[in-house]
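Inspection log for the structure reproduced underneath, given as C-alpha cells.
The values are calculated or read from the model by the stated rules, or taken from the named source; none is laboratory data. Computed from a prediction, not measured in an experiment: that's the story for all the values here. Counting neighbours? That spans all protein chains shown, and the Cβs are built from the backbone with ideal geometry, glycine included. All accessible areas refer to the heavy atoms of the entire protein, side chains included, with ligands and DNA or RNA removed. Shrake-Rupley method; radii C 1.70, N 1.55, O 1.52, S 1.80 Å.
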Amino acid sequence: MGRMRVAVMASGGGTNLQKLLEAFPAGDDSDAPARVVLVVTDRPGVGALERAERAGVHTEVVPPSDYPDQISFGDKLNDLFAGAGVELVVLAGYLKMVPTNVVSAYSNRMINIHPALLPSFGGKGMYGRRVHEAVIASGAKVSGPTVHFVNEEYDRGLIIAQSAVPVYHDDTPEVLASRVLEQEHELLPLVVELIASGKVEVEGGRVKVART
Ligand code: GRF
C-alpha cells in the first residue's frame, strides 16, 4: 500500500509536529511508511503553521468559532480530511474538542498525545503546565507521555503506547514538562510508524501492538 496519508492538528508551537514532519516527509522520494499531507490549526499565527509551510505541507486554519455549532465545524474538518485522502489524524498539542462526527469518522484512526500517564492526570482542562503541577503535587515518582486513540471522552480512548520518565523531588512543572516533551518527541513518531506499518490493531476493546 502507499504511504499512509496523515493529517496533524495542532494549536501551538508544534515541536511534536516538527518531529512528525521530519520522520514522514511530504516528498515522493521518501520510503517512510507515512507522509504528513495536511496540518490544521484552530488559530492563525502559531508556530505549527510556520513549521508546516517550511516543510511544504498544506495548512488550513479552521477556528471552531467560525462555525455555528460543533457538527458544522466537524463537517468542515471531515471535508478537508476527505479531500486530502487522510487515513490517520494525529492531535499534536491540539487544545480544542474534536467534534463527535469527526471522532466517529476516524474511529481507531485518530490519535492524541497527552503529557502524562493516562488514565491518571487526564481529562477536561488537564493540559500544559497544570498536568505537571498535578503530577508533582501527587508525589508520583514517574510520569511520561501517553499516545491513545481518540474517542468521545476526553483523554479516555484506548491507550496505544506510553513511556516513563522520573519525577525528582525538586522538579518544577517546567522542568518536568521538558523531560516529558523529550519523550513525546520519540513516542509519537514511533506510534505513527507502527500504525502505518500495520503493527497496531484493536481487537475486543484491546490494543495489540506487534513486538518489533
Ligand atoms: C505539549 O505541552 C505536549 O505535552 C502536549 O501539547 C503540547 C504540544 O507541544 N502534547 P508542541 O506544540 O508539540 O510543541
State which residue pairs qualify: first residue farther than 22 Å from Gly144 by Cα and inside segment 182-210, second residue polar (S, T, N, Q) in any location, beta carbons under 7 Å apart, and separation of 6 or more residues or different chains. Lys199/Thr212; Val202/Asn108
Considering only residues that are in contact (Cβ under 8 Å) with a residue 12 or more places away in the chain and farther than 15 Å from Tyr94 by Cα, which ones fall in segment 23-49? Ala23, Phe24, Pro25, Ala26, Gly27, Ser30, Ala32, Pro33, Ala34, Arg35, Val36, Val37
Could you name every one of the helices (runs of 4 or more DSSP H) located completely within segment 93-212 that has at least 3 residues being under 20 Å from Leu17 (Cα atoms)? 173-196
Tell me which of these Ala134 doesn't satisfy, since it passes every other one: (1) touching a residue at least 24 places away in the same chain (Cβ under 8 Å); (2) more than 11 Å from the ligand (Cβ to nearest atom). (1)
Applying the selection to segment 58-80, what residues are assigned to a loop (DSSP other than H, G, I, E, B) and open to solvent by 10 Å² or more (accessible area, probe 1.4 Å)? Pro63, Tyr67, Pro68, Asp69
Which residue is farthest from Asp79 (Cα to Cα), if the candidates are limited to segment 109-124 and must be open to solvent by less than 70 Å² (accessible area, probe 1.4 Å) and away from the ligand (no atom under 14 Å from the Cβ)? Ser120
Here are some residues: Ala26, Ala55. Which one is open to solvent by 20 Å² or more (accessible area, probe 1.4 Å) and either away from the ligand (no atom under 16 Å from the Cβ) or polar (S, T, N, Q) (or both)? Ala26
Residue list for segment 81-108, restricted to those being more than 14 Å from the ligand (Cβ to nearest atom) and open to solvent by 60 Å² or more (accessible area, probe 1.4 Å): Ala82, Gly83, Glu87, Met97, Thr100, Ser104, Ser107, Asn108
Working carefully through the options Gln70, Gln18, find the one that is of a type in the set (S, T, N, Q), within 15 Å of the ligand (Cβ to nearest atom) and in contact (Cβ under 8 Å) with a residue 24 or more places away in the chain. Gln18
Cβ-Cβ below 7 Å, separation at least six or inter-chain, first residue in segment 77-99 and acidic (Asp, Glu), second more than 16 Å from the ligand (Cβ to nearest atom): which pairs? Glu87/Met4; Glu87/Arg5; Glu87/Arg109
Among (1) hydrophobic (A, V, I, L, M, F, W, C); (2) surrounded by 12 or more Cβ atoms within 10 Å (Cβ to Cβ); (3) more than 12 Å from Ile111 (Cα to Cα), Phe149 falls short only on (3)
Filter segment 1-15 for residues that are open to solvent by less than 10 Å² (accessible area, probe 1.4 Å) and either in a strand (DSSP E or B) or more than 16 Å from the ligand (Cβ to nearest atom) (or both); which is farthest from Tyr67 (Cα to Cα)? Val6
